[in-house]
Amino acid sequence: MSPIATWAAVLAGALACYLTKLLGHRVPAHWLAQPRVSRISALVTVALLAALVGVQTFTAGGVLVLDARVVAVAVAAVALALRAPFIVVVVLAAAVAAALRALGLG
Amino acid sequence: MPASPPPPDALEAAQPHDPAAERRRAIRQATSVAIATGLYGLSFGALSVAAGLSVLQTQALSLLMFTGGSQFAFVGVIGAGGGGVAAAATATLLGARNALYGAVMAPLLDLRGARRLLAAHVTIDESTAVATAQRDLTASRVGFWWAGLGVLVLWNVFTLAGALLGNALGDPGRWGLDAAAAAAFLGLLWPRLAARSAQLVAAGAVVVALVLTPVAPAGVPVLAAAVVAVVIGWRSPPGPSAVPGVPGTEDVNGSDEVDGSDETGGREGTARRSG
């Protein structure tokens, strides 16, 4: 993607995210307080994050692949289950993938 | 996570009210949340330049978009070869929960004009969690601003450090930064998986995204996975089992607890959630 196209996406995305926040401050509270709205909103967050985990772990260049990332993410999951802080989890996953690749695995 | 937190009245009765102490407590919580959150700006900065954004574009995201999950998603879609529209749309959808936080915070803050515009910008997971974990109105407001502005400053400082570090590292794959991106999304997802419905949505979303990956343009599989959330969220009965487990409602202590009241519950645990 060209730098101009990336900038356009950055600014458009930033504006849309800001207007979403402002919307919450401007509309009557009861509009957004409906159980179905808050439930779907929470689940949309879950769905997008889960899909991103899947795509970042199991795909590369539009095809499904199994490589060092799968092992790294499995280690990250164990670290999260053990309540490791976010930054530790991220660094650990990078270290596992880097080590496996240095050994010629994945 | 306590199954049934004591009602706010009981807390008030048990502990004599000291407004200054409440404010100090709010500032302490906000500061620790800001430091912890700011630190993972390091990983965002590094992953963003690894995905192909410039240092300046990375900084613009942290300053202007300023909502962590959306920023990670934006660079994730770009890094996977997705277009600008898919990246911006995914980021916006992921930021939809901030509108709910705004609706909870607006009556507590009661602002107009420029202050409201600034408050909207710093309405994120962390500021809302700290604000709603306080026991009186003033402490809530103090906690909101300290957490919101504290995260804004530290998140941007550490984003810059991460971006410069990422640039210096060179080949992202050699350092495992692609795996770090996947782990970052897992870390943001993890605290939201308590409820059965959330686990179901997560599993369904992964399947949809992976099935669509070989056939749809990059970025589209992730967006399409959001449909799973709408389908399951639409049908779930709004019974009591759905409420405590749904992370979006839990992050703000349940909107019913703060609606039209000065009291904001007292669960400190919510302030320590990440995401």
Output for segment A:56-79, where each listed residue is within 7 Å of chain B (Cβ to nearest Cβ), open to solvent by less than 20 Å² (accessible area, probe 1.4 Å) and hydrophobic (A, V, I, L, M, F, W, C)
A:Ala68, A:Ala72, A:Val73, A:Ala76
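Tell me, please, whether a residue that is part of a helix (DSSP H, G or I) and among the aliphatic types (A, V, I, L, M) can be found in segment A:56-65.
Filtering segment A:56-65 down to residues part of a helix (DSSP H, G or I) leaves A:56-58.
This time we only want the ones that are among the aliphatic types (A, V, I, L, M), so: none.
Checked segment A:56-65: no residue is part of a helix (DSSP H, G or I) and among the aliphatic types (A, V, I, L, M).
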Return yes or no: is B:Arg135 outside any helix (DSSP H, G or I), in contact (Cβ under 8 Å) with a residue 24 or more places away in the chain and open to solvent by 10 Å² or more (accessible area, probe 1.4 Å)?
yes
So B:Gly173 ticks every box in (1) within 26 Å of A:Val37 (Cβ to Cβ); (2) at pLDDT below 85 but one. Which box is left unticked?
(1)
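Conditions (1) more than 8 Å from chain A (Cβ to nearest Cβ); (2) acidic (Asp, Glu); (3) in contact with an Asp or Glu (Cβ under 8 Å, 6 or more places away or on another chain), marked per residue:
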position: B:Asp18; (1), (2), (3): yes, yes, no
position: B:Glu22; (1), (2), (3): yes, yes, yes
position: B:Ala36; (1), (2), (3): no, no, no
position: B:Leu53; (1), (2), (3): no, no, no
position: B:Ala60; (1), (2), (3): no, no, no
position: B:Leu63; (1), (2), (3): yes, no, no
position: B:Thr90; (1), (2), (3): no, no, no
position: B:Ala106; (1), (2), (3): no, no, no
When you go through B:Arg112, B:Arg135 one by one, which is the residue that is at pLDDT below 95 and in contact with a Pro (Cβ under 8 Å, 6 or more places away or on another chain)?
B:Arg135
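Going by the conditions given, is B:Val104 modelled with pLDDT under 95 and crowded, with 24+ Cβ neighbours inside 10 Å?
Details: modelled with pLDDT under 95: yes; crowded, with 24+ Cβ neighbours inside 10 Å: yes.
Yes, satisfied.
The values are calculated or read from the model by the stated rules, or taken from the named source; none is laboratory data. Being a predicted model, the structure only gives us computed values, none of them experimental. Positions of Cβ are generated from backbone atoms using ideal geometry, with glycine treated the same way; all protein chains shown enter the neighbour counts. Just the protein is used for accessible areas: all its heavy atoms, side chains included, with ligands, DNA and RNA removed. Shrake-Rupley method; radii C 1.70, N 1.55, O 1.52, S 1.80 Å.
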